[in-house]
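Below is one structure, written out as structure tokens, with a few remarks after it.
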Amino acid sequence: MTSSTAEAERPAVPSPWSGRLVAALPLLTVFAWLALVYAWEAWLVTTPVIFTDELLYAELARSLADTGHAAVRGAPHSVGSLAVAARAPAWLIADTESAYLVAKLIGVAAMTAAAFPTYALARLLTGPRPALFAAAGTVAIPALAYSTLLLEEPIAYPVAALAFFLGVLALARPGRTTIAVAVVCAVPAPFVRGELVVVPLILGVAALALAWTGARIAPLRRRFRPWDRAVPVAACAIGALAGYAVLRRSVEWQIATDHPGRIVDQAVSAAGAFTIGLGIVPVIAALAALARPAGAPRTPERRAFVAVFAAAVPAFLLYTGAKGAWLATILESRVLERNLIYLAPLVFVGTALWLDRPRARPLAVLIAAGVALVLVLAAPIELGYPYFEAPGYALAAFANRELIMTADAIRDVLVVVVVLAAGAMLLARRLPALAAAVAVAALVWNVSGEVYAALGLRDFSQRLSGYVADPPDWVDEATGQRPALFLGLGLTDPNPFYSLEFWNRSLSSVWTLDHSVFGPGETGFPTLDPRDGRVLPESGLDYAVIDSRLAIVGRKLAASGPFAVYRVARPLRLRESVSGVYSDGWMGSYSTYDRYSARQRGHMEVTIGRVGWGGRDVPSRVVIRLRPIATDASGNATIGPPTAERRWTVHSRTQRVFRLPAPRPPFRVEIGVARTFVPAELDPTIGDGRSLGAQVAYRFVPNPR
């Protein structure tokens, strides 16, 4: 036999890399398909929906990409989150629409990548199939709808999952390398999202618990006298008091702890939404799996996982409860499930433990089911759609909107699900195939909730898209990307302005004449020279964007919706301004029109009426006065006596045009409506709760030359 023949007959040795790739294919397939679904959902969300959060993170990322420094509206700003840096490369793309899509896809890829550390954590404890379930469940929860938004969650979620995996690995297999890697991941986690400050604390508490109950301390514990056993308890109490004293320096924590009952209520509500969103079964299974089934081996990995899980649950609940109590005190009560989503990887790994050995202790199952039942009964069933703070309610909203179920009926169904889940877990001790069916049902529940939550964000973005021009960066096109100032008055609905600022990078400064604040950056509050309408201080910019209630001296370049772009005839001066009028033309009881300059004399046309109201008539006297604006010895504006006055009684479905001779500018037109009405009070089918006086329009008409 020749050497070549022997070489040909020698059996091929498979490459170790090819074997690993084949083994990883199921996990890679799960990642690829779900990432594809979420990318499609991100594409459907055509404009940001969570203002001002998305606007802030986008502006910070843009400034990092453009200058290497974090800034908002040109002013230096702290980066705040490493999630901003993760998306900064997307904004190197000149086209804003393309950059926005790429920024969302970065979030999609990152959040879906939480499957990998979750799978690795589960493989420390279970076989490949249960671990694959844990990975799939972790990236199928309703909160994955956040991956379509420019928020911190898409980046923070995989960081938390990775920190938990590395922490459990370091605790189970301590060594210089494993401990160092776990620390390197856990310590920066709070810089991705502030809430993750609990992650290093969780791992530290778990490490202390394992050390105290470990074999090395056992001989010392056996020598403890009765009084010695109180030492660790006292040490924990002192540590808790020290931590409380440190936290009391935080204003938010002070406000929260002044209402301890609210902390509990908020934590329970969020936990209930989290349980419902995950499909109830994973929560019951994970809690029951903490009790080691009979015959299950005592492994360091299991001890480490139980320690981390047992520390993570109260830590995240306390954070969520405190934040919810603070928010309920200063603003409004919300169900903050979004702060508990980082527990999902641990919950699904706990469920994988049960799937790997579906012989949970009956008492543990019953206790876990009791906890789930309490959470389902205590949590408010929120039916808002989309309910951003708690995507776990997506299927409840589906049942309400599509199946016409009431909140009470939905709660009854959830109670039945708790009972069925507990029964299925008990039966699975004798019917292992039932565990697989339960796992599939849990995945279907989660995927369905995620899709419906994402569709809600899509619908909301489509409504907001009505504020977005075509093309959306029309201001950038008009100014040639040169800096522009926004000058406006208080906006009753700020979303059109926020959309304008997001899509147009040239908006570098924001000023308001009525001291209304539009975050996320600084808002300037200029003053007006009453003699000629000059805006002080001088902006130094050649372009300005104004809302429809203002007009400035300059050349109009473009307009879209309620906004217009001007090339400013410096210094920046107002030609006219309107106050007290909503964007839809309605005023309350008082509104004004100020005219600062005109090329020639003319008269004012004031159109007033209630043609937009056909309900019950609420007659009201209307007084229109025209007054000159002068300045006193100190340079302050003074309003002179009326030079023209008109009176009328306004009724429903009526309208009238008044003409008043105008003096040389500056002058003011005032309208007072003696009696207003609230549409929602006169017609319950109308949701408008404003106090309305009349619809009004002002127009300066130059005299013929």
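The values are calculated or read from the model by the stated rules, or taken from the named source; none is laboratory data. None of the values given here were measured: they were computed from a predicted structure. Please note: Cβ atoms are built from the backbone with ideal geometry, for glycine as well, and neighbour counts cover all protein chains shown.
Check LEU208, LEU203 and return the single one that is at pLDDT below 95 and crowded, with 24+ Cβ neighbours inside 10 Å.
Within the list LEU208, LEU203, the selection yields LEU203.
Residue by residue through segment 376-421, note down the ones that are among the small types (Gly, Ala, Ser) and without any contact (Cβ under 8 Å) to a residue 24 or more places away in the chain.
Passing the criteria: GLY384, ALA399, ALA409.
Tell me yes or no: at least one residue of segment 564-578 is of a type in the set (Phe, Trp, Tyr) and either in contact with a Ser or Thr (Cβ under 8 Å, 6 or more places away or on another chain) or at pLDDT below 90 (or both).
The answer is no; no qualifying residue exists.
Restricting to segment 668-697, name every residue that is more than 13 Å from TYR582 (Cα to Cα) and touching a strand residue (DSSP E or B) at 6+ places or on another chain (Cβ under 8 Å).
The answer is ARG668, VAL669, GLU670, ILE671, GLY672, VAL673, ALA674, ARG675, THR676, PHE677, VAL678, PRO679.
State yes or no: is SER591 crowded, with 20+ Cβ neighbours inside 10 Å, among the polar types (S, T, N, Q), under 23 Å from PRO702 (Cα atoms) and over 28 Å from the mean Cα position of the chain (by Cα)?
Yes: the conditions hold for SER591.
On the basis of being assigned to a loop (DSSP other than H, G, I, E, B) and over 37 Å from the mean Cα position of the chain (by Cα), does GLY519 make the cut?
no
How many residues are in contact with a helix residue (DSSP H, G or I) (Cβ under 9 Å, 6 or more places away or on another chain), part of a loop (DSSP other than H, G, I, E, B) and surrounded by fewer than 20 Cβ atoms within 10 Å (Cβ to Cβ) when one looks only at segment 175-200?
Residues meeting the conditions: 2.
Out of the residues in segment 646-699 that are in contact with a Pro (Cβ under 9 Å, 6 or more places away or on another chain) and assigned to a strand (DSSP E or B), which is farthest from SER589 (Cα to Cα)?
PHE667
Say we look at segment 631-667 and pick out the residues that are of a type in the set (Gly, Ala, Ser) and surrounded by fewer than 15 Cβ atoms within 10 Å (Cβ to Cβ); which of these is nearest to GLY580 (Cα to Cα)?
Applying the filter and picking the extreme gives GLY640.
Take the residues in segment 558-574 that are surrounded by 18 or more Cβ atoms within 10 Å (Cβ to Cβ) and more than 31 Å from the chain's Cα centre (by Cα); name whichever of them is nearest to PRO663 (Cα to Cα).
LEU574
So which residues in segment 462-498 are of a type in the set (Gly, Ala, Ser) and either closer than 18 Å to ARG549 by Cβ or over 20 Å from the mean Cα position of the chain (by Cα) (or both), if there are any at all?
GLY466, ALA469, ALA478, GLY480, ALA484, GLY488, GLY490
Considering only residues of segment 612-628 that are outside any loop (DSSP other than H, G, I, E, B) and in contact with a Gly (Cβ under 9 Å, 6 or more places away or on another chain), which is farthest from TYR582 (Cα to Cα)?
The qualifying residue farthest from TYR582 (Cα to Cα) is PRO628.
Would you call ALA122 assigned to a loop (DSSP other than H, G, I, E, B), modelled with pLDDT of 95 or more and surrounded by 24 or more Cβ atoms within 10 Å (Cβ to Cβ)?
Answer is no for this residue.
Results for (1) closer than 19 Å to LEU44 by Cβ; (2) surrounded by fewer than 23 Cβ atoms within 10 Å (Cβ to Cβ); (3) acidic (Asp, Glu), shown as yes or no for each residue.
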position: VAL102; (1), (2), (3): yes, yes, no
position: GLY107; (1), (2), (3): yes, no, no
position: PHE116; (1), (2), (3): no, yes, no
position: ALA131; (1), (2), (3): no, no, no
position: ALA134; (1), (2), (3): no, no, no
position: ALA145; (1), (2), (3): yes, no, no
position: LEU150; (1), (2), (3): yes, no, no
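Filter segment 524-548 down to the residues that are charged (D, E, K, R), within 36 Å of the chain's Cα centre (by Cα) and not in a loop (DSSP other than H, G, I, E, B) and list them by number.
Scanning segment 524-548 gives a single hit, ASP547.
Given (1) modelled with pLDDT of 95 or more; (2) touching an Asp or Glu at 6+ places or on another chain (Cβ under 8 Å); (3) charged (D, E, K, R), where does ARG482 come up short, assuming only one miss?
If we test ARG482 against (1) modelled with pLDDT of 95 or more; (2) touching an Asp or Glu at 6+ places or on another chain (Cβ under 8 Å); (3) charged (D, E, K, R), just (1) comes out false.
Condition first: within 11 Å of MET604 (Cβ to Cβ), in contact (Cβ under 8 Å) with a residue 12 or more places away in the chain and in a strand (DSSP E or B). Can you find one or more residues in segment 629-639 that meet it?
Within segment 629-639 (the criterion being within 11 Å of MET604 (Cβ to Cβ), in contact (Cβ under 8 Å) with a residue 12 or more places away in the chain and in a strand (DSSP E or B)), the answer is no, since none of the residues qualifies.
Please go through segment 36-80 and pick out each residue that is crowded, with 21+ Cβ neighbours inside 10 Å and over 22 Å from VAL510 (Cβ atoms).
TYR38, GLU41, ALA42, VAL45
Would a scan of segment 489-508 turn up a residue that is closer than 30 Å to ASN636 by Cβ, surrounded by 18 or more Cβ atoms within 10 Å (Cβ to Cβ), at pLDDT below 90 and not hydrophobic (A, V, I, L, M, F, W, C)?
Within segment 489-508, none of the residues are closer than 30 Å to ASN636 by Cβ, surrounded by 18 or more Cβ atoms within 10 Å (Cβ to Cβ), at pLDDT below 90 and not hydrophobic (A, V, I, L, M, F, W, C).
Looking at TRP613 and the list (1) touching a residue at least 24 places away in the same chain (Cβ under 8 Å); (2) under 23 Å from ASN504 (Cα atoms); (3) surrounded by 21 or more Cβ atoms within 10 Å (Cβ to Cβ), which single condition is not satisfied?
With (1) touching a residue at least 24 places away in the same chain (Cβ under 8 Å); (2) under 23 Å from ASN504 (Cα atoms); (3) surrounded by 21 or more Cβ atoms within 10 Å (Cβ to Cβ) applied to TRP613, the lone miss is (2).
Taking ALA469, is it assigned to a loop (DSSP other than H, G, I, E, B) and either basic (Lys, Arg) or in contact with a strand residue (DSSP E or B) (Cβ under 8 Å, 6 or more places away or on another chain) (or both)?
Yes: the conditions hold for ALA469.
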